[in-house]
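Here the structure is laid out as C-alpha cells; the discussion comes afterwards.
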Amino acid sequence: MPADQLLESRDVPLGGLRGLTVHRTLPQRAIPTIGAWCFVDHFGPTTESMAVLPHPHTGLQTVTWPIAGQIRHRDSLGSDVVLRPGELNLMTSGDGVAHSEFSVGDPEAPMHGIQLWVALPEATRTGPADFEHVTDLPQVEGPCWSGLVIVGSLAGRTSPARTHTPLVGAQLSVKAGRAEIPVDPSFEHGVLAVDQDVHVAGESVPHRQLQYLAPGRDSIVVESDVDTTVLLIGGEPFEEDIVMWWNFIGRSHEEIAAARVDWEDAAERFGRVEGHGDQVIPAPPMPEVRIKPRRRES
Ligand code: MN
C-alpha cells in the first residue's frame, strides 16, 4: 500500500475559445487511483468558460461538481440539464456513452468546480449507460465542519447517486481551527485543498494539491487558519489494473484501440449528442507503443 503523500497538480489546457485550464492531481505515476477515483481536475475560479464538444467515454463514471457557475450537460441518452452548485451530475458510461458540457449563464461570472472520474469494476464496466442529476444530496456536520455527501456515505448519511464500488466523495466546509472528519478505516482517502492552503493529518497541503492518505484511520483531521472548503474522496483500494487512454478506461490496449475505432466510425455504441451538428472531438492518434496498465506501487 502506498504511504501518505502529497500529490501535486499539473496544469492542463482543455482547449476551445477562452477555454478552461484545469489543475490535475489524479492520476499520478505512484497513485493511479484512490478507491476507484481515477481522475481529478480542479478548475477556477476563472472567467474562462467550459466548452467541451461531444466526446465518448467507456468503463467509467464522470462526476461533475460545480462550486460556482452553471454547466449545461447533454448526452447520447437524450439528457439535457443545467447543473448548478450543490448539485451532482453522475454519468455512467458502461460500454459507451457520449456527452458535451458547456458553461451557461453570465459569461463574466466566475466558473469554479471539479470534474472527476470513477473506474467501473469488471461486473458493470461493459453494462448499460446511465445519467443522474441529483439535486437533494444529504448534508452532514460535526464540530467545526459541515458538508454535502456527493457519492457514497459519510458520517452516517448516504448519497442517492448510484456507485459500483465502496466509495465516498464529499464537499466539506471547514471552520478556522481544527475539524475531525469520521471516515471508514477500510478506505484510502484523498483531500483536495479547494480554496486555501490547509493541513491534513498534520501534513501541509498547498492550495489545489491533493493529500493521499493510506487506509487504517477512523478520522481525518483538517486544520485551517481561515474558513475554507476541501473535497474528500476515498474508497476501498481498487485492485483491478486499468488501461486509461484519452477518455477511455479498459483492461487492454486492444479494448482501447477498438473504442477509438468505434468513436471515429460514429458507431452505435456511443450514440449521438443532439444540438452540435456534426461537431465532435476527434480521438487523437493511438500511441506508437502499447498502452500499459496503470498499476499501483505496492
Ligand atoms: Mn467527459
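Brief remarks follow.
- Residue in the stretch 225-241 that is at pLDDT 95 or above, polar (S, T, N, Q) and either surrounded by fewer than 13 Cβ atoms within 10 Å (Cβ to Cβ) or farther than 16 Å from TRP37 by Cα (or both) present: yes
Conditions (1) at pLDDT below 95; (2) assigned to a strand (DSSP E or B); (3) of a type in the set (A, V, I, L, M); (4) out of contact with any Pro (no Cβ under 7 Å at 6 or more places or on another chain), marked per residue:
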residue	(1), (2), (3), (4)
GLY86	no, no, no, yes
SER103	yes, yes, no, yes
GLN115	no, yes, no, yes
ALA161	no, no, yes, yes
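- Pair list, Cβ under 8 Å, 6 or more apart: the stretch 150-174 residue within 19 Å of THR229 (Cα to Cα), other residue charged (D, E, K, R) and assigned to a strand (DSSP E or B): ALA155/GLU141
- Scanning the stretch 199-237 for residues that are in contact (Cβ under 8 Å) with a residue 40 or more places away in the chain and acidic (Asp, Glu) gives GLU203, GLU223, ASP225, ASP227, GLU236.
- Elements of the type strands (runs of 3 or more DSSP E) sitting completely within the stretch 202-298 and holding at least 2 residues that are of a type outside the set (A, V, I, L, M) and on the phi < 0 side of the Ramachandran plot: these cover 203-205, 210-213, 219-224, 228-235, 248-250.
- Listed conditions (1) of a type in the set (Gly, Ala, Ser); (2) more than 16 Å from the ligand (Cβ to nearest atom); (3) more than 25 Å from VAL221 (Cα to Cα); (4) surrounded by 22 or more Cβ atoms within 10 Å (Cβ to Cβ) are all met by ALA68, apart from (4).
- Residues satisfying the stated conditions in the stretch 93-113, i.e. touching a residue at least 60 places away in the same chain (Cβ under 8 Å) and within 13 Å of the ligand (Cβ to nearest atom): GLY96, VAL97, ALA98, HIS99, SER100
- Of the residues making up the stretch 11-25, none is of a type in the set (A, V, I, L, M, F, W, C), modelled with pLDDT of 95 or more and surrounded by 15 or more Cβ atoms within 10 Å (Cβ to Cβ).
- Every test in (1) in a strand (DSSP E or B); (2) in contact (Cβ under 8 Å) with a residue 40 or more places away in the chain; (3) over 28 Å from PRO237 (Cα atoms); (4) within 16 Å of the ligand (Cβ to nearest atom) is passed by LEU90 save one, and that test is (3).
- Being surrounded by fewer than 23 Cβ atoms within 10 Å (Cβ to Cβ) and either touching a Phe, Trp or Tyr at 6+ places or on another chain (Cβ under 8 Å) or of a type in the set (S, T, N, Q) (or both) holds for only one residue in PRO182, PRO128, PRO215, and it is PRO215.
- Looking only at the stretch 32-62, and only at residues there that are part of a strand (DSSP E or B) and either away from the ligand (no atom under 14 Å from the Cβ) or among the small types (Gly, Ala, Ser) (or both), the one that is surrounded by the fewest Cβ atoms within 10 Å (Cβ to Cβ): PRO45
- So VAL243, is it in contact with a helix residue (DSSP H, G or I) (Cβ under 9 Å, 6 or more places away or on another chain) and touching a residue at least 12 places away in the same chain (Cβ under 8 Å): yes
The values are calculated or read from the model by the stated rules, or taken from the named source; none is laboratory data. Computed from a predicted model, the values in this text were never measured in an experiment. Here Cβ is always computed from backbone atoms with ideal geometry, including for glycine, and neighbour counts include all displayed protein chains.
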